[in-house]
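Step one of this worksheet: look at the structure below.
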Amino acid sequence: MSRAPALNGLKHWLKGRPPARPAQQPPPAEPPENDELKQALDALRRAAGIVGDDLAMVEGLLNLRELEVSDVMVHRTKMATLDAGEPPVDLVREVLASPYTRLPLWRDTPDNIVGVLHAKDLLRELQTLGNDIARLDVEKIARPPWFVPDVTLLTDQLKAFRRRKQHFALVVDEYGEVMGLVTLEDILEEIVGDITDEHDKAFTGARRHPDGSVSVEGSVAIRDLNRAMGWDLPDEEATTIAGLVIHEARIIPEPGQAFLFHGFRFQVMRKQRNRVTLLRVAPLRRAGV
């Protein structure tokens, strides 16, 4: 089934909706337009048999209204960055070896982002300099960094990407500290699913065991883990799997401690200082509980 008839049906169904409930009644938990869209989607799914990719795409569009950039960003611990203080020859080597075309550039400390270096700009500048790498000034050709608040809704960020004709932004918290980065691809993947090409790296940071449990690095994003394993762990209060365990346990756990929540058993395997670096996670039905 093509997507156009389904989406047209959704639009026509909404036009025929009755007026909104009277003002004196308590407001719904969700925005009325979200509730109506979900009702319309459910009605169309039953009437027109929308399934598979079509259904997932429409649901992804609805989810954009509820997600913030912090939900889909690449966490700062996973960001590939460049130190502007390195010798030019080392910087060129890092850019050429990287699978990414845009790399944040920092000076003195990783929190001090001074620009974003685009691989095309670097190659163009090297050509201008006659490939004299010693004369290269990366800060001169780096583009100004674009910082966006972590609470920005994905719908608003998608519009901002289109308006500015940029595909890359750095995410900051209320204090201006860099939390991570978000790209246009990150948002599009919420609609159409994973977008991979020959440069994309396979999901890393988790390893399955024969008993069904999974060893997971603490820095792995919950959303990435859910996608890779087909799980549905909540990510409203934490971004990483270690953050989820700390949030639920209300302590910084020690190696060997185990916790049961959200239908899973979480056992802390390794810790460095105050960071949980490795966990073993198992669905309760496989943990014998």
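The values are calculated or read from the model by the stated rules, or taken from the named source; none is laboratory data. The structure displayed is predicted, hence computed values, not measured ones. Using ideal geometry, Cβ is built from the backbone for each residue, glycine included, and neighbour counts are taken over all protein chains shown.
Brief remarks follow.
- Picking from residues in region 160-187 that are among the aromatic types (Phe, Trp, Tyr) and more than 15 Å from residue 105 (Cα to Cα), the one that is modelled with the lowest pLDDT is 175.
- Applying the criterion of being in contact with a strand residue (DSSP E or B) (Cβ under 9 Å, 6 or more places away or on another chain) and hydroxyl-bearing (Ser, Thr, Tyr) to the residues of region 100-155, the residue that is farthest from residue 168 (Cα to Cα) is 152.
This table checks each residue for (1) in a loop (DSSP other than H, G, I, E, B); (2) surrounded by 18 or more Cβ atoms within 10 Å (Cβ to Cβ); (3) free of Cβ contacts under 8 Å to residues at least 24 places away in the same chain; (4) outside the structural domain of residue 236 (by TED's automatic domain parsing).
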position: 117; (1), (2), (3), (4): no, yes, no, yes
position: 127; (1), (2), (3), (4): no, no, yes, yes
position: 155; (1), (2), (3), (4): no, no, no, yes
position: 160; (1), (2), (3), (4): no, no, yes, yes
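- Summed over region 225-281, the residues that are within 17 Å of residue 71 (Cβ to Cβ) and charged (D, E, K, R) give a count of 5.
- Residue 214 passes every criterion in (1) closer than 18 Å to residue 72 by Cβ; (2) at pLDDT 90 or above; (3) aliphatic (A, V, I, L, M) apart from (1).
- Here residue 123 meets the list (1) farther than 20 Å from residue 181 by Cα; (2) outside any helix (DSSP H, G or I) almost entirely, failing just condition (2).
- Filter result (in contact with a strand residue (DSSP E or B) (Cβ under 7 Å, 6 or more places away or on another chain) and surrounded by 15 or more Cβ atoms within 10 Å (Cβ to Cβ)) within region 168-186: 168, 169, 170, 171, 172, 178, 179, 180, 181, 182, 183
- Residue among 135, 143, 102 that alone is of a type outside the set (S, T, N, Q) and surrounded by fewer than 14 Cβ atoms within 10 Å (Cβ to Cβ): 135
- Restricting region 228-281 to residues that are among the aromatic types (Phe, Trp, Tyr) and under 16 Å from residue 215 (Cα atoms) leaves a set whose member that is surrounded by the most Cβ atoms within 10 Å (Cβ to Cβ) is 266.
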